[in-house]
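Written below as structure tokens is the structure these notes are about.
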Amino acid sequence: QGFEPDLRITKITEQNSKEYGTKLLLTTDPLEAADSANVLVTDTWISMGQEEEKKERLKAFQGYQITMQTAKSAASNWTFLHCLPRKPEEVDDEVFYSPRSLVFQEAENRKWTI
């Protein structure tokens with residue numbers, strides 16, 4: 001709580017979801033979010049310029065680390081993405097270095113857009 005998306009963005013996303021027949025789910029339960037998901041994604045919890053919020057953010061996001069336990073409820077062909085750099089509290093090594101992780105391919109794709 002306290003990190004919800006901007007309401008304007010949520011409304012646009014709801015409209016797009018209806019138009020394209022997708023499912024929008026806003027939840028604070030990581031297992032519910034992962035349920036039947038094809039892609040598990042996390043981002044850095046502390047961005048540049050937010051270092052003074054580190055302690056607060058680590059506490060707020062405790063329990064949201066992506067693990068193989070999280071992935072048990074995902075689709076059988078799930079993959080993992082992260083924009084890098086990755087911190088261990090965001091995703092454990094087992095997921096990050098697994099064959100399902102596409103983080104290095106994602107980084108390669110981003111390299112060519114810079």
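For the reader, a short list of remarks on this structure follows.
- Around the amide H of F80, modelled in the peptide plane, lie the amide H atoms of L40, S101, L102, all under 5 Å away and 5 or more residues distant in sequence or on another chain.
- Residue-averaged 222 nm ellipticity for the chain, from DSSP H runs of 4+ at -39500 (n - 2.57), nearest 500: -9500 deg cm²/dmol
- Within a Gaussian network of the chain (alpha carbon springs, distance under 10 Å), most fluctuating of L24, L84, L102: L24
- Here the Gaussian network model covers the chain, with springs between Cα atoms less than 10 Å apart; of S101, S76, S17, S17 fluctuates the most.
- The Cα atoms of the chain cover 36, 35, 34 Å along the three principal axes, with the biggest extent listed first.
- Stretchable slack from S17 to D93, in nm (0.36 nm times residue separation minus alpha-carbon distance): 24.1 nm
- Cross-link reach list, lysines versus K59, counting only Cα pairs under 26 Å and skipping chain neighbours closer than eight places: K72, K87
- Unit charges on C-beta of K, R, D, E only; dipole of region 31-113, Debye: 120 debye
- Mean accessible surface per residue for the chain, computed with a 1.4 Å probe while every protein chain stays in place, in Å²: 74 Å²
- The distance separating the Cα centre of region 1-56 from that of region 72-114 comes to 17 Å.
- Extension gain from K54 to W112, taking 0.36 nm per residue of separation minus the Cα-Cα distance: 17.8 nm
- For W45, net neighbour charge (Lys/Arg +1, Asp/Glu -1) across residues whose Cβ lies under 12 Å away: 0
- Among S17, S73, W45 the positive-end extreme of the charge dipole of the chain (Cβ point charges): S17
- Cut-off 10 Å between beta-carbons: net charge of the residues surrounding C83, Lys and Arg +1, Asp and Glu -1: 0
- Gaussian network model of the chain, springs between alpha carbon atoms under 10 Å - residue of K72, K11, K54 with greatest fluctuation: K11
The values are calculated or read from the model by the stated rules, or taken from the named source; none is laboratory data. Fair warning: this is a prediction, and the values are worked out from it, not measured in the lab. Please note: Cβ atoms are built from the backbone with ideal geometry, for glycine as well, and neighbour counts cover all protein chains shown. With ligands, DNA and RNA removed, areas are computed over all heavy atoms of the protein, side chains included. Shrake-Rupley method; radii C 1.70, N 1.55, O 1.52, S 1.80 Å.
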